[in-house]
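Just below is one structure, and these are the notes that go with it.
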Amino acid sequence: VEPQYPGVVERYVSLGDCYDSGGLQAAREEILSCMKGYKGCYSRAYRCLTAAAQIEEDSRALLLTPAVEERLAKRARGILSRECRRTGCERGQARQRFLDAISCQGALCNFETADALCKRIYELCDTYGLAHTLLLHLAAGAMGAGYDVILCPDPLAPDRLRHLLIPSLSLGFVSSSPAQPYRGKRPFRRLRLDAMAGQE
């Protein structure tokens, strides 16, 4: 983390002070051999992630017609009318936090964070990435009603939402898919977004 006010409020912390130099020397040759090819591995990983994101985008573009977008917007309006009564306060604020990550163990999601912040979870069953449109409407409506929200982006496409948390209402919306099922408590509601796309 880069300090905003180095030396006045924060200071740099050298992680080198925490190294076990003796232990590292014992593994010197192994560490040197690992460092030789890692830049090539990074390049390949980024190419693969970019390709995966493009495949998802192409699939979504086939399904997300104006009619589907309107169905998602209508569903959002129904949820907001039940869940987000106006507070009379100023417009709520948005913060961004990642719940998901692409790691050496594959795609991971910290559903337990959503469960800890929100007693009521809407599970959005979403094979094709349609949740973003619904979540945008829900986030805008909740902030307009005066609630602060946490926007959780998709790690493959950070400009797209995967989850939305509204802690002051103890209300969360989490996306799940066959590749990444919701592993948390029993959801308060389950919405099958795939069905909104229609059979065609």
Give me the percent relative contact order of the chain, please, defined on Cα pairs under 8 angstrom at least 6 residues apart.
23
Centroid-to-centroid separation of segment 32-64 and segment 166-200 [C-alpha atoms, Å]
26
Can you tell me which of Asp154, Asp20, Asp115 moves the most in a GNM of the chain? Springs connect C-alpha atoms under 10 Å apart.
Asp20
Accessible area of Leu80 in the full protein assembly, 1.4 Å probe (Å², nearest 10)
30
Non-local residues with an amide H under 5 Å from the amide H of Val149, with H modelled 1.01 Å from N and Pro and chain starts lacking one, are Gln93, Ala94, Arg95
Net lengthening on full extension, Phe98/Asp159 (0.36 nm per residue, minus Cα-Cα)
20.8 nm
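Which helices, taking whole DSSP H runs in the chain, have alpha carbons extending 24 angstrom or more along the helix axis plus mean Kyte-Doolittle at least -1.0?
Values: long enough: 38-63 (38 Å, -0.31); 66-83 (25 Å, -0.75).
Passing helices, by number: 38-63, 66-83.
Given the DSSP H assignment, sum -39500 (n - 2.57) over each helix run of at least 4 residues in the chain and divide by its residue total; what's the result at 222 nm in deg cm²/dmol, nearest 500?
Details: 6 runs with 80 residues, N = 200.
For the chain, the value works out to -13000 deg cm²/dmol.
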Spin-label point model (7 Å from Cα, Cβ direction): what's the Arg183 to Asp58 distance in nm?
3.0
If the only charges are +1 at each Lys and Arg Cβ and -1 at each Asp and Glu Cβ, what is the size of the charge dipole of the chain around the Cα centre, to the nearest 20 debye?
800
Within segment 64-180: Cβ-based charge dipole about Cα centre, in debye rounded to nearest 20 (Lys, Arg +1; Asp, Glu -1)
460
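Ignoring ligands, DNA and RNA, what percent of the 1.4 Å accessible area of the chain is carbon and sulfur?
Values: 7100 of 13200 Å².
Carbon with sulfur: 54 percent of the solvent-accessible area.
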Net length gained if the chain between Ser81 and Tyr12 were fully extended (0.36 nm per residue, minus Cα distance):
20.0 nm
Would you indicate which of [x] 19.6; [y] 19.0; [z] 17.3 is the value of Kirkwood radius over Cα pairs in Å derived from the coordinates of this structure?
[x]
Loop-only check: which GluC sites (Glu not before Pro) in segment 1-94 are DSSP coil with at most 11 other Cβ within 10 angstrom?
Glu90
Sort His132, His163, His137 from largest to smallest accessible area, using a 1.4 Å probe on the heavy atoms of the protein chains.
His137, His132, His163
Please list, in chain and number order, the residues 5+ apart from Ser176 or on another chain whose amide H is under 5 Å from its amide H, with Hs placed from the backbone.
Leu124, Cys125, Asp126
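Top to bottom by accessible area (1.4 Å), largest first, where do Phe98, Phe111 land? Before the final figure, lay out the partial values.
On the way: Phe98 115, Phe111 5 Å².
Descending accessible area places them as Phe98, Phe111.
Could you give the accessible area per residue of the chain, probe 1.4 Å, as a whole number in Å²? Write down the numbers at each step before the final one.
Numbers: 13200 Å² over 200 residues.
Accessible area per residue, the chain: 66 Å².
The values are calculated or read from the model by the stated rules, or taken from the named source; none is laboratory data. Remember, predicted model here, so these are calculated numbers, not experimental data. Quick reminder, even Gly has a Cβ in these numbers, built from the backbone with ideal geometry, and neighbours come from all protein chains shown. Ligands, DNA and RNA are excluded from the accessible area calculation, which covers all protein heavy atoms including side chains. Shrake-Rupley method; radii C 1.70, N 1.55, O 1.52, S 1.80 Å.
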